[in-house]
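Every read-out reported here was derived from the displayed coordinates using simple, explicitly stated rules and does not represent laboratory data. For clarity, every value in this text was computed on a predicted model and none was experimentally measured. FYI the Cβ positions are ideal-geometry reconstructions off the backbone, even for glycines, and counts take in every protein chain you see.
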Amino acid sequence: MPTAVQGWTESFVEVAGHEVHISRAGSGPPLLLLPDDIGVPGWLPFHERLAERFELILVSHPGFGRSERPDWARNVRDLAALESALLRRMGLDRPAVVGFGLGGWLAAEMATQCGPCFERMVLVAPFGMQPLEGEIHDQFLGRGPAYARAGFADTSRFEATYGAEPDLDTLEAWEINREMTARVAWSPYLFNQSLPHLLPLVETPALIAWGREDAIVPPVEAARWASLLPRAAVTLLEGCGHRVDVERPHELAKAIFDFMEQP
């Protein structure tokens, strides 16, 4: 049975023999949310804004959070295939999608695999391509909290979200997610060499959003994503790092609203 937790109504959907954790909130047209590799720390002001206009459908990726792990999955395309099947199982026909980091990569992979599976897509500092300048932050060089902190330009926002010392449940969730990240995206690290060649085939209107102070994925990559996707625009948000949804929730929500309202 669904349960209400921190603003979300939660349930599980079975796909290919695995239970996938789904959270819902709000009302209106469906908006699929695909989170980053560290997950979502509960109900955020960003979700509050989006839920005013959309039914939010937050997917915990297979093997992440409370979703069951498919032991056979060994790359992000495997997860993309499962999540494409999840859309069909849930009866979601071309929803809009917002993907963050790993979730942005997954949305892009899904768009290359299943044709017009999204009405519109917003990719927020996505993984998926090897940067031409700089590199993706290596989360395995330190502990989970150090990687999570690196996602914030303002450390006080990290502490307001997770506490100065994250609790044991949060630390455990981060380690579960790091293990699954290693399974599907260790080598090559958080990118797919084929993706730059496939993105020009994606006709879905896209918004590429990035924090100017992102220390996880170089912000210069925003222009490259936009150059490869045929129908893409870019918005760069000031004063924030990789966790744009936490550090600039209202600005990001407005950019999404404006994008969704375009003809």
Relative contact order computed over region 35-174 (Cα-Cα under 8 Å; 6+ residues apart), in percent: 22 percent
Percentage relative contact order, region 134-227, counting C-alpha pairs under 8 Å, at least six apart: 43 percent
Helix-only [θ]222 nm of the chain, DSSP H runs n ≥ 4, -39500 (n - 2.57) each, per residue, nearest 500: -10500 deg cm²/dmol
Cα centroid separation, region 222-263 to region 79-112 (Å): 18 Å
DSSP bridge pairs, the chain: antiparallel proportion in percent, nearest 5: 40 percent
Within the chain, longest stretch free of exposed GluC sites (Glu not before Pro) [DSSP loop, at most 12 other beta carbons within 10 Å]: 53-132
Distant-in-sequence amide H partners of residue 240 (H built 1.01 Å from N, under 5 Å): 212, 213
Charge dipole of the chain about the Cα centre (unit charges at C-beta), most positive-ward option of 114, 41, 84: 114
Within region 214-251: backbone nitrogen closer than 18 Å to the residue 52 label point (7 Å, Cα to C-beta): 245-251
Those chymotrypsin sites (Phe, Trp or Tyr not before Pro) in region 130-218 that DSSP places in a loop and that have at most 12 other beta carbons within 10 Å: 186
Two-decimal log10 I(q)/I(0) for region 123-263, as the Debye equation yields it once each C-alpha is a single scatterer, q = 0.12 Å⁻¹: -0.54
Whole-percent pair-distance distribution, where bins are 5 Å wide, for the alpha carbons of the chain: 1, 6, 14, 20, 21, 20, 13, 5, 1, 0
Loop trypsin sites (Lys or Arg not before Pro), region 135-237 (other Cβ atoms within 10 Å of the site Cβ: 14 or fewer; DSSP): 143, 212, 231
Derived scalar couplings ³J(HN,Hα) [region 196-205; Karplus, 6.51 cos²θ - 1.76 cosθ + 1.60; whole Hz; x for Gly, Pro]: x, 7, 9, 4, x, 7, 8, 8, 5, x
Region 3-260: relative contact order in percent, alpha carbon pairs under 8 Å with at least 6 residues between: 19 percent
